[in-house]
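First the structure, in the form of structure tokens, and then the observations on it.
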Amino acid sequence: MRCHTCDTDHDGRTGECPTCRTPVGSPALRPGVRVRPVRGVGRAASVAVAATTLFLLLTVAVQPVNALLAERAADSLDSEAFLLTAGVLDLAAGLLYLVAFLVAVVLVIVWTWRARTNLDAFPGTGPTNSGGWAIAGWLVPFVNFVMPHRVVANIARESLWRLSTPLLVHLWWGAWLVFLLAERFIARSSVAEYEALPFPQTSADFRAYADHYASATGEYLVPAVFCVVAGVSLIVLIHRISAAQTARITRSMPTGPILPGMSIAEPAATSGIAADPASAASSAPAAS
């Protein structure tokens, strides 16, 4: 017997498909339940996550540039030009990272919500949390340290037909938490060190700035590595889950595109087959 969901052969005597756990005889999607496309917003979210990661690396790359500017300014003793240039570089890199981060947050939340609500249309799936947590889980303080991992883990298991959570989910969330905590701690420490520096007037002052930026480069590299790991892991997860859900939805609607808000219509009764066996028996001609 061939499964309507994963298109694999299995023993029809079992209660469900051993591959995707869809009950025998069930369609790929529950009739009447809305499905939402995830591939487009998934691609946009992946681009935003990649941009966020690259701009974070840019904020790290600015540090050795500022160290070089400080060393050169030690000869000219041009305090205003040095501070202005270093400040503009820091501000520009920081703004690019902040904008990309905010865009990525919005797109990832939208993608997570769509992917989670699609589980309600998949027979055989077992959502562990309501669809609202796909949004609130990212926004509620303290809860957002746990709930996004649980929601994405549930989405990954049910979409990729895994009995256990894929290791990539744990890698993504663990790296992300380490990045958040390390980046916040290092940023506060770096700001405190910068504020303690004197206004640059002598060569020694400029060298102190150069040492500060050189030290900050090494410190910021630690959270940056975890950010790269988290970003790459999330992009791979989004791609795999989006591809799996899109393939499942497409199997149920092979004749047309998936539109936003589309719902699967109830299957029409086949003509010539009576819906009620009792009525069919009563309508049959009496035996002579």
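The values are calculated or read from the model by the stated rules, or taken from the named source; none is laboratory data. This is a predicted model, so every value here is computed, not measured. Note: ideal-geometry Cβ built from the backbone for every residue, glycine included; neighbour counts use all protein chains shown.
Return the pair list, or none, for Cβ contacts closer than 6 Å from residues in the stretch 120-149 that are closer than 21 Å to Leu29 by Cα to residues that are in a loop (DSSP other than H, G, I, E, B) and among the hydrophobic types (A, V, I, L, M, F, W, C), at least 6 apart or on different chains.
Asp120/Val33; Ala121/Leu29; Ala121/Val33; Ala121/Val35
Residue by residue, here is whether (1) at pLDDT below 65; (2) surrounded by fewer than 20 Cβ atoms within 10 Å (Cβ to Cβ); (3) not polar (S, T, N, Q) holds:
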| site | (1), (2), (3) |
| --- | --- |
| Tyr209 | no, no, yes |
| His212 | no, yes, yes |
| Thr217 | no, yes, no |
| Tyr220 | no, no, yes |
| Cys227 | no, no, yes |
| Ile238 | no, no, yes |
| Ser263 | yes, yes, no |
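Counting only residues that are surrounded by 19 or more Cβ atoms within 10 Å (Cβ to Cβ), of a type in the set (A, V, I, L, M) and under 14 Å from the mean Cα position of the chain (by Cα), give me the helices (runs of 4 or more DSSP H) lying completely in the stretch 117-206 with at least 3 of them. Before the answer, list the steps.
On the way: elements: 133-139, 147-160, 167-195.
The qualifying helices (runs of 4 or more DSSP H) are 147-160.
Which of (1) part of a helix (DSSP H, G or I); (2) farther than 15 Å from His212 by Cβ; (3) not basic (Lys, Arg) is the odd one out, the single condition Asn66 does not satisfy?
Against the list (1) part of a helix (DSSP H, G or I); (2) farther than 15 Å from His212 by Cβ; (3) not basic (Lys, Arg), Asn66 comes up short only on (2).
Which members of the stretch 44-66 meet the condition of being buried (at least 16 other Cβ atoms within 10 Å of the Cβ), free of Cβ contacts under 8 Å to residues at least 60 places away in the same chain and within 19 Å of the chain's Cα centre (by Cα)?
Result: Ala51, Phe55.
Residue by residue through the stretch 240-261, note down the ones that are assigned to a helix (DSSP H, G or I), at pLDDT below 90 and either touching a Ser or Thr at 6+ places or on another chain (Cβ under 9 Å) or among the charged types (D, E, K, R) (or both).
Correct list: Arg248, Arg251, Ser252.
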